[in-house]
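I have placed the structure first, in the form of structure tokens, so that the comments after it can refer back to it.
The values are calculated or read from the model by the stated rules, or taken from the named source; none is laboratory data. Remember, it's a predicted structure, so these values are computed and weren't measured experimentally. All Cβ positions, even for glycine, are placed from backbone atoms using ideal geometry, and neighbour counts span all protein chains on display.
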Amino acid sequence: MNGIFITGTDTDVGKTFIACKIAAQLKKQNINVVPRKPIESGCELINNQLIPSDAMQLQQASQSTQTLKSICPYRFKEAISPARAANINNQKITLQQLTQASTKHVNENDFLLVEGAGGFYSPICENALNADLAKALGLPLLLVTDNRVGTINQVLLCLHAIQKSNLNLKAIVLNQISRTDRVDNIQELSQLTSTPIFLFNEKNKLHELINLLGIN
């Protein structure tokens, strides 16, 4: 299956932002992107419906004609881990359900873009972490982190976990969220890993990241 699993070193590091940028660029290259955020917590209740903001952004960026229900079938209001939110709402969601939700209605020539929830080791459903979903799908990974002080430690911990899971990490994205931190994480990380590192800011061209991922 052709695609990518986007994970992060933590929550709020810009996974959805980077995923949307990638989806929009691939759409420009006439690649049919099938976005998936199979489970999302912290949804807003509007007209008695839980609206998954991340999934909506993915739908818009990829210009997907698939329904929001197909993109994100499992939604919760509580802004906590999906596993805990499901437990609070007395819902039993399994790894098998999330795997099936991610691959349903995906054709051979589609590019499957799956965004996890939280960090690589964050609980995503009953008895499963994001790492388990990534393994079940068998997609290559993109690791997103915010470019700040403390990032190197988080990235190295995630690299160890990804290696332990025998997954194929295509690249690390340093997302330039804060403009106040002046750090040179690329230089230091490059000395500690052979994994390609991409600094995302306004100056860098997104096609460079697409090339790193080997998408064509």
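Go through segment 45-89 and report how many residues are more than 19 Å from K21 (Cα to Cα) and not hydrophobic (A, V, I, L, M, F, W, C).
Going through segment 45-89 one residue at a time, the tally reaches 16.
Among the listed residues I210, I215, identify the single one that is β-branched (V, I, T), assigned to a helix (DSSP H, G or I) and touching a residue at least 60 places away in the same chain (Cβ under 8 Å).
Numbers: I215 fails: assigned to a helix (DSSP H, G or I).
Exactly one of I210, I215 is β-branched (V, I, T), assigned to a helix (DSSP H, G or I) and touching a residue at least 60 places away in the same chain (Cβ under 8 Å), namely I210.
From L156, L139, L167, L174, grab the single residue that is modelled with pLDDT under 95 and either surrounded by 19 or more Cβ atoms within 10 Å (Cβ to Cβ) or not in a loop (DSSP other than H, G, I, E, B) (or both). Don't jump to the end; show me each part of the working.
Values: L156 fails: modelled with pLDDT under 95; L139 fails: modelled with pLDDT under 95; L167 fails: modelled with pLDDT under 95.
The match here is L174.
Can you tell me which residue among A86, A55, A19 is more than 18 Å from the chain's Cα centre (by Cα) and either crowded, with 17+ Cβ neighbours inside 10 Å or within 24 Å of I162 (Cα to Cα) (or both)?
None of the other options fit; the residue is A86.
Working only within segment 117-128, note down all residues that are closer than 14 Å to K164 by Cα and more than 12 Å from the chain's Cα centre (by Cα).
Of everything in segment 117-128, just one residue is closer than 14 Å to K164 by Cα and more than 12 Å from the chain's Cα centre (by Cα), namely Y121.
Take the residues in segment 120-174 that are without any contact (Cβ under 8 Å) to a residue 60 or more places away in the chain and of a type in the set (K, R), then tell me which one is farthest from S190 (Cα to Cα).
K135
Please go through segment 58-82 and give me each residue that is loosely packed, with under 14 Cβ neighbours inside 10 Å and either of a type in the set (S, T, N, Q) or assigned to a helix (DSSP H, G or I) (or both), ordered by number.
Initial filter on segment 58-82 (loosely packed, with under 14 Cβ neighbours inside 10 Å): 60, 63, 65, 67, 69, 79.
If the condition is that a residue be loosely packed, with under 14 Cβ neighbours inside 10 Å and either of a type in the set (S, T, N, Q) or assigned to a helix (DSSP H, G or I) (or both), then Q60, Q63, T65, T67, K69 are the ones that fit.
Quick check on segment 191-200: of everything there that is of a type in the set (S, T, Y) and surrounded by 13 or more Cβ atoms within 10 Å (Cβ to Cβ), which residue is farthest from A19 (Cα to Cα)?
The initial filter retains those residues of segment 191-200 that are of a type in the set (S, T, Y), namely 193-195.
Narrowing the set further to residues that are surrounded by 13 or more Cβ atoms within 10 Å (Cβ to Cβ) leaves 193, 195.
Details: T193: 23, T195: 19 Å.
If we take residues in segment 191-200 being of a type in the set (S, T, Y) and surrounded by 13 or more Cβ atoms within 10 Å (Cβ to Cβ), then T193 is farthest from A19 (Cα to Cα).
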